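In what follows, a structure is listed as structure tokens, so that the remarks can point back to it.
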Amino acid sequence: MKSLKLKLIPTMLCSLGLLTASHPIVADEAVAPLSAAILQQTAMEEIKHNLVFMVNAIDSKQWKVAEAKFADEVFVDYSSLSSQPGSIVKASELVGGWQNLLANVSTHHMLSNFDIAIDGEQAEAFSHVYASHTAEGIDYWDAYGRYHHKLDRINDQWKITSMTLIMHGQKGNLNFLQEVGKMNADSKQASDTADKSAISKIHFESEGERVVGNLYFPVDYDPKKQYPAVIVSGSWTTVKEQMAGLYAEKLAEQGFITLAFDPRNFGESGGKTRFHENPAQKVEDIRNAVTYLQSMAEIDGDRIGALGICAGSMYTLMAAAEDPRIKSVVTAASWLHDAEAVKLFYGGEEGVQEKINAARQAKQKYAETGEIDYIPSISTTDPSAAMYGPFDYYLNPERGAVPEWSADKFAVMTWEDWLTLDPMPSAEKLNTPTLMIHSDGAVLPQYTKQYFDKIATSDKELHWIETDLESPYHQFNFYDRPAEVNESIAQAKQWFSKKL
């Protein structure tokens, strides 16, 4: 270990201009006091540099650069500004929120008077901060105070793990953030209170990729008010113009601002592996949708719920189990499976394993060549299709066979992600008020009941719709048939009105 220090220390001293021919290092013992001081000073300079570099990246809107200065999760406390308690969030969510909020804002952060203490692999840093904010058509806003950062040494880099703002004062327009939030919304849609039946197209970032959605407003929308919001997610492979958009539109009629979006890899959204049903990505997309909605002035950030239909229920429940910002959940005809359930639909144990093997080969091919193997999404003649059978919703242009959806492309690599997914354990972590709507004729009714029984919170309700249809054929009625949709919306309205 001593020889390693002897090799490293001269290099560091040279880089600092402190080692010359007249200052040779003759022994490890001779340099130990000096090296310890130099190492400490170097670490302090690195910490200071990283903090300044991070705020400069925000000012220059280099969001990925700013994100790289944080640990994967960070405790953020802006309670001295917003009165909301601090919480642990993903760095991607934190920086994504800044990106959305500051899209049309020029900022200038100045950090000074650093006070840094290092204890092994951890450090604390206090600094003065003065932050200026300007935006076209809005009076300036300056905020100043102290930052308290905590950092950990991770992979030989100091990463921010905690950030607390201690406000000392403000100048200028104290409503700046609220006015910026309004400006960020689609101005034409937001100002048109006479006709809110039109859809406002929006976009936000999810893990560095663009997600496109449709935002629906209540008919009597008032831009001076704040509204509860609901994120709506549809079945697997679907786009916002299908069941998600229908539920979002109908919920907006009940007084909520609602969002239906194309998950990554589908529709108008980004994603390199097109038509790849990636459950982990879909869960993250829902969480990043929460971040986007919280940046909007017309939405109460503490009153955001989520509704999922079919497989969208699975992703919504998993997201809510991880993200306490989702305050209430409703599911309709939830698709919930485990390793045994998928055998019922995909050819038993042998059929499931064949599909998983095909997915692994497709992933390897993509990694080596960039080519994606596809099969049809729906077919009545091709047994290899993702959905093989006379499922009218996906075949009928008057129902779900809309031009925006692809009936002929399903990424083979999906099978492994889909068939190995088990959402059932998430129930034990779900403390969010939850309403589940289902029927004996929908898919896997016993799994919905099992999941419901395991939900951690006692604030839950199971609403069962009567039907003469056998499972799973009643499932598709929940997608667009007036009786099932209207009953689900009525239940959802009542639930969200109480819980949001």
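Applying the Karplus parametrisation 6.51 cos²θ - 1.76 cosθ + 1.60 with θ = phi - 60° to the phi angles of the range 89-95, what ³J(HN,Hα) value in whole Hz is obtained for each residue in order, glycine and proline being reported as x? Values, residue by residue: 9, 6, 4, 5, 6, 4, 5 Hz. What does the charge add up to near Gln294, with Lys and Arg as +1, Asp and Glu as -1, over the other residues with Cβ less than 10 Å from its Cβ? Summing Lys/Arg as +1 and Asp/Glu as -1 gives -2. Net charge of the neighbourhood of Ala333, taken over other residues with C-beta under 13 Å away and scored Lys/Arg +1, Asp/Glu -1, is -3. When restricted to Cα atoms, the range 152-311 yields an Rg and a Dmax of 17.6, 57 Å, respectively.
Provide the packing ranking of 475-484, 64-73, i.e. peptides ordered by the mean count of other C-beta atoms within 10 Å per residue, highest first. Spell out each step's value before the answer.
Details: 475-484: 19.4, 64-73: 17.4.
Sorting 475-484, 64-73 by mean packing, highest first, produces 475-484, 64-73.
Taking Rh as the Kirkwood radius, which is the inverse of the mean 1/r over Cα pairs, what is the Rg/Rh value for the range 32-181? Rg/Rh for the range 32-181 comes to 0.99. Each part reduced to its alpha carbon centroid, the range 369-419 and the range 285-319 end up 26 Å apart.
Residues in the range 236-249 carry Karplus couplings, in order, of 4, 6, 8, 10, 5, 7, 9, 5, 4, x, 5, 5, 5, 4 Hz; the curve used is 6.51 cos²θ - 1.76 cosθ + 1.60 with θ = phi - 60°, and Gly or Pro positions show x. This model, with +1 at the C-beta of Lys and Arg and -1 at the C-beta of Asp and Glu, gives the chain a dipole about its Cα centre of some 1120 debye.
Amide H to amide H distances under 5 Å link Phe70 with Ile160, where only residues 5 or more positions off or on other chains count and H is placed in the peptide plane.
Under unit Cβ charges (Lys, Arg +1; Asp, Glu -1), what dipole magnitude, rounded to 20 debye, does the range 32-181 have relative to its Cα centre?
Values: 10 positive and 18 negative charges, 21 e Å.
Roughly 100 debye, rounded to the nearest 20.
Close amide-amide hydrogen proximity is noted between Phe410 and Ile375, Ser377, each under 5 Å apart and 5 or more residues distant or on a separate chain (H modeled in the peptide plane; Pro and chain starts excluded).
Can you say what percent of the DSSP beta bridges in the chain, counting only those with both residues inside, are antiparallel? Round to 5.
Values: 56 of 87 bridges.
Taking every DSSP beta bridge with both residues in the chain, the antiparallel ones total about 65 percent.
The peptide list 252-260, 296-304, put in order of mean Cβ contacts within 10 Å with the highest first, becomes 252-260, 296-304. In sequence order, the range 470-484 has phi-based couplings of 7, 5, x, 5, 6, 3, 5, 5, 5, 6, 7, 7, x, 4, 6 Hz under the Karplus curve 6.51 cos²θ - 1.76 cosθ + 1.60, θ = phi - 60°, and Gly or Pro positions carry x. Dividing the helix sum by the residues of the chain, where each DSSP H run of 4 or more adds -39500 (n - 2.57), gives a mean residue ellipticity at 222 nm of -11500 deg cm²/dmol. Of the GluC sites (Glu not before Pro) found in the range 79-136, those that fall in a DSSP loop while having at most 16 other beta-carbon atoms within 10 Å are Glu121, Glu136.
Taken together, the values in this text are just the output of simple stated rules run on the coordinates, not laboratory data. Predicted, not measured: the structure shown is a model, and the values here were computed from it. Counting neighbours? That spans all protein chains shown, and the Cβs are built from the backbone with ideal geometry, glycine included.
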